[in-house]
Amino acid sequence: MRVRAFALRILRQMSHDKRTLALMIVAPLLLMTLVYYIFEGTNDEISIGAVGAPQQFIEAVESENDVTLTTYESRADAQQALTDGAVVAYIDIALTADDAELEAPRAYIMVDAAAGSKAQAAEKLLRSAAETMGGGAGLPSAIQPSSNSLDMGGNQPSSNLADTSDSQPSSNLPDTSDSRPSGNSLDMGSGQPSSNSLDTSKNQPSSNSFDVSVDYYKGIKNFTSFDMFGPTLMSFIVFFFVFLVAGMAFLKERKSGTLEKVISTPVRRWEIVAGYILGFGAITIVQSVIINVYIITVLGVIMNGSLGYVLLITLLEAICALSLGMLLSTAAGSEFQMMQFIPIIILPQLFFSGLFDLSEGWLIFGRIFPLTYAAEAMNKIMYYDGGIGDMWIDVVVLLGFSALFAALNVLLLKRYRRI
Amino acid sequence: MEAIELRNISITLGKVRILTDVDLSVRAGTVCGLLGPSGAGKTTAVKIACGILEADSGEAYVLGTKMPSLDGMRNVGYMAQEDALYADLTGRQNLEFFGQLQGVTKSTLAGRVDRALELVDLTADAGKLTSKFSGGMRRRLALAAAMLHEPPVLILDEPTVGIDPLLRKNIWDGLYAVARSGTGILITTHVMDEAEKCDRLVLMRNGRVIGEGSPAELKERAGKQTIEEVFLELSEHTAETKGGEAE
Ligand SMILES: Nc1ncnc2c1ncn2[C@@H]1O[C@H](COP(=O)(O)OP(=O)(O)O)[C@@H](O)[C@H]1O
Ligand SMILES: [Mg+2]
């Protein structure tokens, strides 16, 4: 009852205090948008790999602005480059003997889906370059629908096992093996030595355009910078603003004399803390949904996992931030002291949360900060489609931190009333 | 049983002795005034009575319950000297919140809020944010917040400061009506003429009680016409005896 009274009061106050509401919701959105433009703007270069591409094709692709094309000896090399993040897509026009019997020569395109808008641009570019090779623009549409089934049937037997295994992109990265679309394995099997590919590509393109098949690969190295920092920065910004708003609200309670009035009532100390957590927690749910959806759909940050988990982690992290904010504002003597906690306690968390490559020792030091766990869980979900099984430790640790901060706060409130 | 009883209270805050051997009692159904100049220790004394502060030595009781205790707090309505209100809530929302903290049940809350608003003449302004209230309006709302749960003990720290004379009279009438229904009321004030309205007075100076009794008794004993003169007389007396107990 009293816990609910606090929560209701906080919601009502917030509904009258548009500025604080904006600080919790609009400010994070603006900041993330700013970060997005800063990082996206840094590098427009699209790197593409090619295997067995004819000179004509290479020239066509390189004539595009902001595109660099690297040629590789085999598909395995190109795949390695993709896995390492050197290219966002590659095209393989090195074809097998079987392909010669097809009506159209084949081109195989592999795109790193994690590369976001660059990947889309690369795919579009490669497709159009491959399809217009030799000028037979009318043919592909007629041929393409049937091509997939032909591929699968035709290539599988001839594929050579040793070759297949090292041209399998998924074998390089155990983590991502499950995020690959199923059904690709057949296509992957067609990774072939370049024996007669040159002949084919030289003989055929003048009469027919390529029959293009495209695969998507969910890598982790090919992020845009924004993908790299997005989930961690999002965690930090939510943490920061919830900390600030909850901490300030609790400080104001003391400064305005209302805390004294509150403790003159038969309220228990834990009810005050729980009420604040419930009230700000409710606001935080709304905040999390808005911020997460905005960053994922509008800013298009990498998102391979489930939105539900992202919201769960954001919420847990926000509860942690608000219980820490309240604790520190109980400990602080003034607004100024509260402000001092920001560089001392909040900023360092950003440095240790995985934004920078840190040495082993610093990484261990980072384990004392809640944000480290929140960012870690967020990365697991958004990059690797992690589930509760992958991040339960982070969930437990975040809950543990929240419980610890709240309990310490209940104790520290004894400063104001012993019972 | 006394509504409020302070026994031999002493307290030091930040190395300064604020109260020394303070005794004070308020009978149920009466209005007791705690009179003293600013800095005398009135606020400190009433905070101890309502359990917000704890004395270094001595005891505080509310209706026989030793303070601080949650049971005791249930029986007290406290109005602080500075308006403890949420500026970003409306008048009504402030009252609802404090009513809920005091444990007023949902079914009676709306009625209690209406009655309290009426007593302090804020019914028409209840929907406004308190940040838009004048000083006097805030004071009245704070008073309403203390009385909402209809407690048997009221502790009001300078409740009528900044309230215009006509409304002040209404509030005193209201307080007397509440007292006559059995409530024990402790009011602090530094305004001498307001002191005349109390059933009993406790005079305080420099953290010590320098006199007590009904206004009439006090004046008669000292042979003075006004409480102000009584206060000055007693102050000189205690100064001469170097802080000895004033009777
Ligand atoms: N927390 C505190 N720390 C130190 N001194 C205090 C504190 N609270 C009050 N005082 C001092 O105690 C004295 C009495 O204060 P107070 O009880 O507010 O008096 P009154 O209400 O009669 O004006 C004042 O001199 C005040 O400065
Ligand atoms: Mg005072």
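The table for this structure:
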item	result
Residue match in the range B:190-202 (condition: within 14 Å of chain A (Cβ to nearest Cβ), touching a residue at least 12 places away in the same chain (Cβ under 8 Å) and away from ligand 2 (no atom under 16 Å from the Cβ))	no
Boolean, B:ARG221 is more than 13 Å from the chain's Cα centre (by Cα) and in contact (Cβ under 8 Å) with a residue 24 or more places away in the chain	no
The lone exception for B:THR44 - which of (1) within 16 Å of ligand 2 (Cβ to nearest atom); (2) among the hydroxyl-bearing types (Ser, Thr, Tyr); (3) farther than 20 Å from A:ARG417 by Cα it fails	(3)
Filter result for B:VAL26 (at pLDDT 95 or above and within 16 Å of ligand 2 (Cβ to nearest atom))	no
Single unsatisfied condition, B:ILE11 versus (1) outside any strand (DSSP E or B); (2) at pLDDT 95 or above; (3) not polar (S, T, N, Q)	(1)
Exclusive hit being outside any strand (DSSP E or B), acidic (Asp, Glu), farther than 25 Å from B:VAL161 by Cα and away from ligand 1 (no atom under 11 Å from the Cβ), set B:ASP88, B:ASP83, B:ASP23, B:ASP71	B:ASP71
Of the criteria (1) farther than 18 Å from B:LEU6 by Cα; (2) buried (at least 23 other Cβ atoms within 10 Å of the Cβ), which one B:ALA87 fails	(2)
Residues of the range B:101-111 that turn out to be crowded, with 24+ Cβ neighbours inside 10 Å and over 21 Å from the mean Cα position of the chain (by Cα), as a count	0
Scan of the range B:128-165 for residues that are among the β-branched types (Val, Ile, Thr), within 16 Å of ligand 2 (Cβ to nearest atom) and farther than 21 Å from B:GLN100 by Cβ, ordered by number	B:THR160, B:VAL161
Total residues in the range B:40-97, condition among the β-branched types (Val, Ile, Thr) and more than 13 Å from the chain's Cα centre (by Cα)	4
Out of A:GLY305, A:GLY400, sole residue that is surrounded by fewer than 24 Cβ atoms within 10 Å (Cβ to Cβ) and more than 18 Å from A:MET234 (Cα to Cα)	A:GLY400
Looking only at the range B:35-58, and only at residues there that are more than 14 Å from every other protein chain (Cβ to nearest Cβ) and under 14 Å from B:MET79 (Cα atoms), the one that is nearest to ligand 1 (Cβ to nearest atom)	B:LYS42
Pair list, Cβ < 8 Å and 6+ apart or interchain, from the range B:12-23 residues that are farther than 12 Å from B:GLY58 by Cβ to residues that are more than 16 Å from ligand 2 (Cβ to nearest atom) and among the small types (Gly, Ala, Ser)	B:ARG17/B:SER10
Failed criterion for A:LYS414 (all others in (1) part of a helix (DSSP H, G or I); (2) within 14 Å of chain B (Cβ to nearest Cβ); (3) out of contact with any helix residue (DSSP H, G or I) (no Cβ under 6 Å at 6 or more places or on another chain); (4) surrounded by 15 or more Cβ atoms within 10 Å (Cβ to Cβ) hold)	(4)
Pick from the range A:1-21, criterion within 18 Å of A:ALA318 (Cα to Cα) and modelled with pLDDT under 90, ranking: nearest to the other protein chains (Cβ to nearest Cβ)	A:THR20
Test: residue in the range B:81-94 that is among the charged types (D, E, K, R), more than 19 Å from A:PRO266 (Cβ to Cβ), more than 7 Å from every other protein chain (Cβ to nearest Cβ) and in contact with a helix residue (DSSP H, G or I) (Cβ under 7 Å, 6 or more places away or on another chain)	yes
Whichever residue in the range B:112-144 is surrounded by 14 or more Cβ atoms within 10 Å (Cβ to Cβ) and assigned to a loop (DSSP other than H, G, I, E, B) and, among such residues, is nearest to the other protein chains (Cβ to nearest Cβ)	B:LYS128
Selection status of B:VAL16, within 12 Å of chain A (Cβ to nearest Cβ) and near ligand 1 (Cβ under 9 Å from one of its atoms)	no
Residue check for A:ILE381: at pLDDT below 90 and farther than 15 Å from A:THR314 by Cβ	no
Residue match in the range A:406-418 (condition: farther than 23 Å from A:PHE280 by Cβ, more than 29 Å from the chain's Cα centre (by Cα) and not aromatic (Phe, Trp, Tyr))	yes
Some residue of the range A:45-60 being more than 14 Å from every other protein chain (Cβ to nearest Cβ) and among the charged types (D, E, K, R)	yes
Residue among B:ILE52, B:ILE18 that alone is assigned to a loop (DSSP other than H, G, I, E, B), more than 14 Å from B:PRO152 (Cα to Cα) and among the hydrophobic types (A, V, I, L, M, F, W, C)	B:ILE52
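Yes or no, residue by residue, for (1) surrounded by fewer than 20 Cβ atoms within 10 Å (Cβ to Cβ); (2) farther than 30 Å from A:PHE356 by Cβ; (3) within 13 Å of chain B (Cβ to nearest Cβ); (4) touching a residue at least 60 places away in the same chain (Cβ under 8 Å):
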residue	(1), (2), (3), (4)
A:PRO231	no, no, no, yes
A:GLU253	no, yes, yes, no
A:VAL267	no, yes, yes, yes
A:GLY275	no, yes, yes, yes
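For every residue, the table says whether it meets (1) within 16 Å of ligand 2 (Cβ to nearest atom); (2) more than 10 Å from every other protein chain (Cβ to nearest Cβ); (3) in contact with a Gly (Cβ under 9 Å, 6 or more places away or on another chain).
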residue: B:THR20; (1), (2), (3): no, yes, yes
residue: B:ALA60; (1), (2), (3): no, yes, yes
residue: B:THR65; (1), (2), (3): no, yes, yes
residue: B:MET73; (1), (2), (3): no, no, yes
residue: B:ALA110; (1), (2), (3): no, yes, no
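The values are calculated or read from the model by the stated rules, or taken from the named source; none is laboratory data. Predicted model, so just to flag it, every value in this text is computed and none were measured. So basically every Cβ, Gly included, is an ideal-geometry build from the backbone, and we count neighbours across all protein chains shown.
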